[in-house]
Each structure stands twice: as C-alpha cells, then as structure tokens.
1. Do you know which of the residues in the stretch 51-84 that are without any contact (Cβ under 8 Å) to a residue 40 or more places away in the chain and farther than 15 Å from THR122 by Cβ is least open to solvent (accessible area, probe 1.4 Å)?
2. Write out, first by first residue and then by second, each pair whose Cβ atoms fall under 6 Å of each other, whose residues are 6+ apart or on separate chains, and whose first residue, in the stretch 247-270, is within 30 Å of ALA432 (Cβ to Cβ) while the second is part of a loop (DSSP other than H, G, I, E, B) and away from the ligand (no atom under 15 Å from the Cβ).
3. Is there any pair with a first residue in the stretch 224-240 that is farther than 18 Å from LEU164 by Cβ and a second that is more than 7 Å from the ligand (Cβ to nearest atom) and of a type in the set (D, E, K, R) whose Cβ atoms are under 7 Å apart and which are 6 or more apart or on different chains, and what are they?
4. Out of all the residues in the stretch 26-50, which are of a type outside the set (A, V, I, L, M), open to solvent by less than 60 Å² (accessible area, probe 1.4 Å) and not in a helix (DSSP H, G or I)?
5. Do any helices (runs of 4 or more DSSP H) entirely within the stretch 300-419 hold 2 or more residues that are within 16 Å of the ligand (Cβ to nearest atom), and if so, which?
6. Here are the criteria: (1) within 16 Å of the ligand (Cβ to nearest atom); (2) more than 17 Å from GLN70 (Cβ to Cβ); (3) hydrophobic (A, V, I, L, M, F, W, C). Tell me which single one MET176 does not satisfy.
7. Is at least one residue of the stretch 85-105 within 16 Å of LEU164 (Cβ to Cβ), among the small types (Gly, Ala, Ser) and open to solvent by 40 Å² or more (accessible area, probe 1.4 Å)?
Amino acid sequence: MQQLKSFLCGRWQSGADPQTVLHDATTGAAIAQTSSRGLDLGAALRHGRAVGGPALRQLSFAQRGEILGQLASVLVTHRDHLLDLSGRNMGTTRGDGKFDIDGASGTLAYYAKLGQTLGDRTWLADGEQVQFSRSKRFVGQHIWSPRRGIAVHINAFNFPAWNLCEKLACALLAGMPVLAKPGTATAIVSVRIVELWQEAGLLPDGALQLLVGSAGDLLDHLGPQDCVVFTGSGSTGQQIRSHPQVLRYNVPVNVEADSINATVLGPDIAPGSDVWTMFLAEVVREITQKAGQKCTAIRRVLVPSAVADEVQAELVARLQDARVGDPAVQGTAVGPVAGPAQKRDVVAGLQNLALHAQLVWQAADVPADGCFVATSLFRTDAGAAAEYVHDHEVFGPAATLLPYAGSADEAVDIVARAGGCLATSVFSDDAAWAGHVVLGVAPYTGRVYWGSSKVFDQGTGHGAVMPALVHGGPGKAGGGEELGGERGLRFYWQRTAIQGDTQLLRGLVG
Ligand code: NAP
C-alpha cells in the first residue's frame, strides 16, 4: 500500500502508527495510508517563517508570478497522470477530474499574469496620499506589506488540486510562505503535485510545506503574524476560529464553509426557450458534476409554481440519462463520492431530506460496492418554511425543487433562508424583475450569476469559480473571501498608514 508522506522542513517525513487509510472510491479498496502523528509541526511553522518568508519577500511580484507560471506548467505537463490519480483516489470521471486539475493550473496561470502586471515592486501602496492641512507637506499614505508569519491552508477533500493551488497562488504572490494540509481522504493528488514541484526545484526552500493526515497540534503553534485559510465544514471552521492560539493572537482566519446554494428561474422564461434550456442544463450539471461535491453546487432549485411540473419532468428526463457508475467506463456521468465517510454522510443527509421533502426521482442501478450514491431529486411546496432543506448541505448528487408563486420578493426570502451562500443564480430576461432578485440576494451571497438570453451561449456557469472574481459567502457560508484578482492577496498583507513629509513618503512608496 502506498505510504503518503508529509513534506516538512525541506524533507519528506512519515508519521507514526496508527495510520489513516485512503480508499479507491470506485471499488472501496484500501490504496494508501498516512499519519502525521509525532511530526514536529512547530518546527515546520518556524521553518516557513524563517526560511520561506524571507526568500519570497526578496522576490518581486513579477518573479513570484514567474514561479506560479512554472508551477502551472508542471500541472499541464503531468495532466493525464494527475487525472488518473484523481480517478483512482476520488472516483472522478475524466471531465470531473479536469474541473479540478485544469482549474488548478488555470488559477495559477491567472495569478502568474497578475504578478507580471504588478511588476518589479515587492509591495504595494493602497490608494493615494491624503493631505491634512492647507500645506501639502505633511501627508498620509496607506501601504500593504506581507505578513511575516506563515499561511496555514486547511483544505477540503473535494478539490485536492484546485483548493491547494487557488490558496497557494494568492499567498505566494503576496509574499507569504505556506503550510498546506489537504483533506486526508483524497490527499494522493495533492501529494503528487507537491512531489512534482519539488522534483522540478521551482520553489524557494520553505515556501511550501505539505502536512498529510490529521492537523494534530498544528494550530497550537500559530503566532501573531500567521494566518489561517480554511475550506470545509462550518463546525470545523468554528473550532478553528475559537482555537485559543487564534484568539490569543487575533490570527486572521478565512473560512469557506457549508453553502446551500440556490438557483432561481424567473416567471418570464417560457418552456423551450434558450434560457429555459440553459437553466435545465445548469441544474443537471450542478447536481451531477463531481457527484455533487462542489461547494458552489446548486442544492435548491426555485421554479415558478406554474411550470414546476414541467421543470420536474424535464429534469428527471435529463438526470435519467446521466448514468451513475464506474468513472473509467466511457459514458458514465456520475462517479462515486470521494470515500466511505463521505458516502455515509451523504446517505444520512438524503434520509433526512426525505423526511422533509418528497423524493420525486432517484437513480436506479447504482453499484452497491464502492462509494456510489443514487442521484436524487426532491420537491417541497413549503418554500422558506421548509425545514432541513435550507439548513443542511447534503454534499452529494442531490437537489430540491422549491416551487414559488413568481414574486421577486418571495424568491429573495427563500434564497436568504439558508443564512448565506457562496453562489446564487438567476435566470431571467426581465431586467427589472431579475435586477430586484440580484440586488435582493446580494447581501446573502458571495457571487450572483445572471443567466439571460444575451449570454446563453457564453456564460461560465453557476458553479465555476473564476480567479478574477471573489469566492466566498457571508453567514453560514463562512463569512470568508478568496481570489478576486488582487483582492485575494490582501488577506496575506498588513495595511499600514504612514504619515510624514510628502517627498520623503513619495521616495519610499514611489
Ligand atoms: P471537514 O471535516 O471540516 O474537513 C476539512 C479540512 O479540515 C480537512 O483537511 C480536515 O482534515 C481538517 N480538519 C478537520 N478537523 C480539524 C481541526 N479540528 N483542526 C484543523 N483541521 C481540521 O470537512 P470535509 O470532511 O472536508 O467536508 C465536510 C462538509 O464540509 C461537506 O459535507 C460540506 O458540507 C462542507 N464543505 C464545504 C466546502 C466549501 O468550499 N464551502 C468544501 C468542501 C466541503 P482531515 O481530512 O484530516 O479530517
């Protein structure tokens, strides 16, 4: 069985027994094991701060960007190999694997380009000089400078490549070293990526360390210049936020957590129209892609009551064509969920959902072995009053239809009921109605996707996270924000107001 090691303090290290076992999601067979027990995580954080930080900070944005570009190229070169590993560990179809691996290289490449744009500087000014009196001599100027600690990245199991790279791209370009911890169940792809980067010798010493296995006492070693970026469940996010060392030093913590995302079909959209077709395709993709294990996936489908039966029939027809099975077999649309623990969670979630909404369709002939889960469509007429549907994210191939009367206010109330989402989509050509919904859901959502006949042939889709746009959501979605172009770097910087003589400050900040 493969032994997965951690890359800490410049070398690959194994932890002591007992080991955590990783599975082939398709067969359920044990394929790898790992442990972080006994590893000196305090030394790893010190190594990042003392060795990786200074090495990165002496590089300009352009130089850091160049490294990111090379990291992206390695992923492109080894794409097929990484797709195979993803299929073996997580049971992803080829298309689902690409969503992760290509998303990872694309995000690195985006930030590589941003590095070139920011150029030869090592830090940035924030805004213009501020004048305080009639004299222009004494002014203030805000600057951003990289924190002197280490960025701890704790990632979820569902995107072992993208999650690693989207966080890493921002931190490295900002000038902060990283210790990344992938979700253990699917860590094989993350480990291989770091191995490939190490073999290529692209990163300065200490700039990236990888912890595989449990987080152990990692957070006990956090210091006042460190930060934590987390993706995963709301409950773990709360544990991290309330960790004594985080509270002691006010360590910044960014959380991306559970999100019960919604899509809204406008009452103006006629059956059979382009937008109608786009809406149905989007819902089916969001239910089936990566077996529904996407933080941005659509979980709640709001449709006008007048067309609810028609939408349901068309969705069922399309979902019937999306075969659940072995991802290696051509034509399979839905693979297994990522591991036995994830299967247990999703099955329990589906059982609870069935207590509060009607199960209107479920996939048949789903393999009994491995980690397969039947694709499921639920429906409830309870709108915002529905229980469980708005409260619990079932992280698998399932969604719930929610018929509503067609008013924009009602749609906003239902979307808002989840207490904060990463992504909401609205499908309508009625600018006034849709504008009301878009602005109405905006305070509850990190990203709103407006599908209309003007963009039906070119939209990027509800679930795709674009590096140029922020990713995160308020309230239950974690209250965090990642990416968004240069905005994604700011989490890793301290903003300082400097006051002094105009010319001296100009000499300092350029
Ligand atoms: P999780 O159990 O919260 O785990 C996420 C990450 O946190 C993993 O790397 C995990 O390590 C680590 N972790 C667990 N306990 C920790 C602790 N006390 N201190 C530090 N790190 C800790 O979440 P998950 O199993 O990945 O997913 C569970 C649910 O989270 C899903 O069902 C879904 O609802 C939600 N989720 C949300 C997103 C999003 O982007 N919003 C993405 C994925 C999942 P181990 O793997 O070693 O346990």
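1. So the residue we want is LEU83.
2. GLY266/SER428; GLY266/ASP430; PRO267/GLY406; ASP268/SER428; ASP268/ASP429; ASP268/ASP430
3. Within 7 Å, the pairs are GLN225/ARG147; GLN225/ARG148; GLY234/LYS476.
4. Those that are of a type outside the set (A, V, I, L, M), open to solvent by less than 60 Å² (accessible area, probe 1.4 Å) and not in a helix (DSSP H, G or I): THR26, GLY28, GLN33, THR34, SER35, SER36.
5. 340-356
6. So MET176 meets the others, but not (1).
7. no
Residue-wise test of (1) assigned by TED's automatic domain parsing to the domain that holds ASP100; (2) open to solvent by less than 10 Å² (accessible area, probe 1.4 Å); (3) among the aromatic types (Phe, Trp, Tyr); (4) free of Cβ contacts under 8 Å to residues at least 24 places away in the same chain.
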{"residue": "ILE143", "(1), (2), (3), (4)": "yes, no, no, no"}
{"residue": "GLY149", "(1), (2), (3), (4)": "yes, yes, no, no"}
{"residue": "PHE159", "(1), (2), (3), (4)": "yes, no, yes, no"}
{"residue": "ALA174", "(1), (2), (3), (4)": "yes, yes, no, no"}
{"residue": "THR184", "(1), (2), (3), (4)": "yes, no, no, no"}
{"residue": "ALA207", "(1), (2), (3), (4)": "yes, yes, no, no"}
{"residue": "LEU211", "(1), (2), (3), (4)": "yes, yes, no, no"}
{"residue": "LEU222", "(1), (2), (3), (4)": "yes, yes, no, no"}
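The values are calculated or read from the model by the stated rules, or taken from the named source; none is laboratory data. Keep in mind that what you see is a predicted model, and the values were worked out from it rather than measured. With ideal geometry, Cβ positions are generated from the backbone for all residues, glycine too; neighbour counts draw on all protein chains shown. Surface accessibility is based on the protein's heavy atoms, side chains included, excluding ligands, DNA and RNA. Shrake-Rupley method; radii C 1.70, N 1.55, O 1.52, S 1.80 Å.
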